[in-house]
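Here the structure is laid out as structure tokens; the discussion comes afterwards.
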Amino acid sequence: MTTRNYWLMKSEPDAYGIDQLKQEGSTLWDGIRNYQARNFMRSMVVGDRAFFYHSNCKPPGIVGLMEVTETRIIDPTQFDAKAKYYDPNSKQDKPRWDCVQLRYLGCFNELLSLEKLRDRYSAEELPVVRKGNRLSILPVPKSTATNLLQWLGPLN
DNA sequence: GCCAACGTTGGC
DNA sequence: GCCAACGTTGGC
């Protein structure tokens, strides 16, 4: 019995999409500036899996799968005055924001749209389908994750 | 482009 | 500590 947890992580494909991750192999999930999302990242452990979700596009939905390879990494962009995600209130000796390193595991055969996700799952089963949900990092209950993986089929 | 659903900021 | 104003996310 594994204790692996599952997550859903959003990114706008125009900013950073699954194709880019596929090319790079792995990425630092930096720039998170929401405490709830950060706290979810803090509760991740190495080996956890995350569904890659394309947001703010047509259609939005799940496109691939990632693995957490490193946790609690201090987000370097918070100290970079030129960075978009610079946080002048974060101090070097007490960083406010951290992130995780993720490895590309694969793409699914087709995008699983939010519309289809809503048809199959309730907000309790899959929090991302809750109306108005803006959190960019969300948990996926294990039973839903298992069901999703079966539905999505093999990775490419 | 519209707007619902928040999270954040700052005056008091 | 309250809350109005404002900003952001992201579906539609």
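Taking the Cα atoms of the range A:1-44, the ratio Rg/Rh between the radius of gyration and the Kirkwood radius comes to 1.01.
In a shell of Cβ-Cβ distance under 9 Å around residue A:41, excluding residue A:41 itself, what net charge do Lys and Arg (+1) and Asp and Glu (-1) give? Write down the numbers at each step before the final one.
Working: positive: A:38, A:42, A:72; negative: A:98.
Local charge sum for residue A:41: +2.
The residues neighbouring residue A:5, those whose beta-carbon lies less than 9 Å from its own, together hold a net charge of +2 under the Lys/Arg +1, Asp/Glu -1 convention. Extension gain, residue A:4-residue A:23: 0.36 nm per intervening residue step, less the Cα-Cα distance, totals 4.3 nm. Helix A:142-152 and the long axis of chain A differ in direction by around 60°, with both axes built from C-alpha atoms. Going from the fewest other Cβ atoms within 10 Å to the most, the residues A:52, A:108 appear in the order A:108, A:52.
What are the semi-axes of the equivalent ellipsoid of the range A:5-156, taken as the square roots of 5 times the eigenvalues of the Cα gyration tensor, listed largest first and rounded to whole Å? Don't jump to the answer; show the numbers that get you there.
On the way: eigenvalues 139, 51, 44 Å².
Result for the range A:5-156: semi-axes of 26, 16, 15 Å.
Bridgeable lysines around residue A:82 (alpha carbons under 25 Å apart, same-chain partners fewer than 8 residues away excluded): A:10, A:91, A:94. Per-residue ellipticity at 222 nm, computed for chain A from helices alone with -39500 (n - 2.57) per DSSP H run of at least four residues, works out to -6000 deg cm²/dmol.
Can you give the local net charge around residue A:50? Use residues other than it whose beta-carbon is closer than 12 angstrom to its beta-carbon, Lys and Arg +1, Asp and Glu -1. Let's see the in-between values first.
On the way: positive: A:4, A:10, A:49, A:103; negative: A:48, A:67.
Taking every other residue near residue A:50 into account, the sum is +2.
What do you get for trypsin sites (Lys or Arg not before Pro) in the range A:54-141 restricted to DSSP loop and a cutoff of at most 11 other Cβ within 10 Å of the site's Cβ? The partial results should precede the final answer.
Values: sites: A:72, A:82, A:84, A:91, A:96, A:103, A:116, A:118, A:120, A:130, A:131, A:134; in loops: A:82, A:84, A:96, A:130, A:131, A:134.
Here the sparse-neighbourhood loop sites are A:82, A:84, A:131, A:134.
Since every read-out is calculated from the coordinates, none of them should be taken as a lab result. Owing to the predicted nature of the structure, the values given are computational and were not obtained by experimental measurement. Note: ideal-geometry Cβ built from the backbone for every residue, glycine included; neighbour counts use all protein chains shown.
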